[in-house]
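A quick write-up on the structure given underneath.
We did not get these values from a lab; they are worked out from the coordinates using the rules stated. Predicted, not measured: the structure shown is a model, and the values here were computed from it. In this analysis, Cβ positions are derived from the backbone assuming ideal geometry, glycine residues included, and neighbour counts consider all displayed protein chains.
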Amino acid sequence: MRELKSFVLLAEQLHFGRAARLLNLSQPALTKQIRRLEEELGAELFERGRHGTTLSSFGKEFLREAKESVAGFDRLLERAKSAASGDTGKLEIGFGFHTLDLVPRLIVKLREIAPGIEVALRDMSTAEQVIALRSGILDLGFVRMPAPADFGSMPVIKDRLALVSSTAYPLRPGGSLADCKDRPFVSISETRSPGFHSHMRRLCAKHGFHPRVVQQVPEFTTALALVEAGLGMAFIPESVGNTRFPGIKVHSVRDKDAAWSVGAAWRKGDTNPALAKFLKLLKDEVKNP
């Protein structure tokens, strides 16, 4: 590519001395580059005569292709530099219901500082994200902590279990979780969120009962709708809250084991510059929410 750039500049200047100065080369060094290129091509690019240097017929034809190649290489170099700085590239990010507020906010900020980064979002459970991270499908995931030891990770948010009941079938004021042992429950399906499902069952077992699940659903909004209709109670993440269903009431669970943390996780040693840029943005967001 160096010889090609020298040829294009010499073709524009048609003067070895002037072109050499512009290239910061000695004239003999430029002459050697042009001869080497001519040898590779098997044809002369310039005609040298009493009236100076002119392009040969072959040189005139070759110049058009050479200019396109040099311009294409320069564009490629700029894209590569941009990718290396993290300003362009691609990110595959996994997330779940805990980060429905955080992740969109981060994506908006990322587009402001690096619009060339293409982001693909995947709604996945923690178990699915761990598999996808290990297989290279995801670059980063938001998972229940602690993350597996072979990942890099950082805590991001805290959440906790909450109970929801229909206003038509309220809980006793000041009651305990054990008061719910005879109530029917609507639950997020175990396949959709195995970590949440397991947490719910462990907490109930601690309070002396196993929840009588009468309906499993794929989404928490469906669970809330069924609770409002009177099918039963439900556990939800406190972060989900209740913004759409006036016929239900959210109850805090007074137990330290109701809480858990969600963190970002990524493969240790991942050199994706776009990931490094996103992690810096995430750290700033967590530090200054």
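Observations
- Mean separation of Cα pairs under 8 Å and 6 or more residues apart, divided by the residue count, gives the stretch 159-260 a relative contact order of 49 percent.
- Helical segments meeting 20 Å axial Cα length and Kyte-Doolittle 0.0 threshold in the chain (DSSP H): 273-287
- The chain: mean projected area of Cα convex hull, nm²: 22.4
- Other residues whose C-beta falls under 12 angstrom from the C-beta of PHE185 contribute a net charge of +3, scoring Lys and Arg +1 and Asp and Glu -1.
- Helix-only CD estimate at 222 nm, as mean residue ellipticity for the chain, using -39500 (n - 2.57) per DSSP H run (n ≥ 4): -13000 deg cm²/dmol
- Our coupling estimate for the stretch 249-254, obtained by passing each phi through the Karplus curve with A = 6.51, B = -1.76, C = 1.60 and θ = phi - 60°, is 10, 9, 10, 6, 9, 8 Hz, Gly and Pro reported as x.
- Within the stretch 159-260, antiparallel bridges make up roughly 60 percent of the DSSP beta bridges whose residues both belong there.
- FRET efficiency for the pair PHE73 and ILE137, taken as 1/(1 + (r/R0)^6) with r the Cβ-Cβ distance and R0 = 35 Å, rounds to 0.60.
- Integer Hz, Karplus 6.51/-1.76/1.60 couplings in order for the stretch 165-172, x for Gly and Pro: 9, 6, 5, 7, 10, x, 7, 5
- Between the stretch 202-253 and the stretch 10-30, the Cα center-to-center distance that results, in Å: 78
- Share antiparallel - DSSP beta bridges, the chain, percent rounded to 5: 60
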